[in-house]
1. Using a 7 Å offset from the Cα along the Cα-to-Cβ direction at both residue 30 and residue 7, what is the distance between the two label points in nm, to one decimal?
2. Provide the three semi-axes, in whole Å and in decreasing order, of the ellipsoid equivalent to the chain as defined by the square roots of 5 times the Cα gyration tensor eigenvalues.
């Protein structure tokens, strides 16, 4: 089973986690929302898949390019 690493596109903080481990997501579904410079940036499952692991928690700071979730195809 292939694993897809989902990375943060910006430096900021995890405002809200929308998905949970084990949840099957359709393409384009929101995994979490990051907050950066008072803007909300959704992190989406481009191709869909099952959430294998969330690597961050709400309120945690993230850096651009940091792996925030792993999906299984």
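1. My value for the distance between the label points is 2.4 nm.
2. After scaling each eigenvalue by five and taking roots: 20, 11, 10 Å.
Read-outs: derived from the displayed coordinates by stated rules, not from any lab. Remember, it's a predicted structure, so these values are computed and weren't measured experimentally. Positions of Cβ are backbone-derived with ideal geometry, glycine not excepted, and every protein chain shown enters the neighbour counts.
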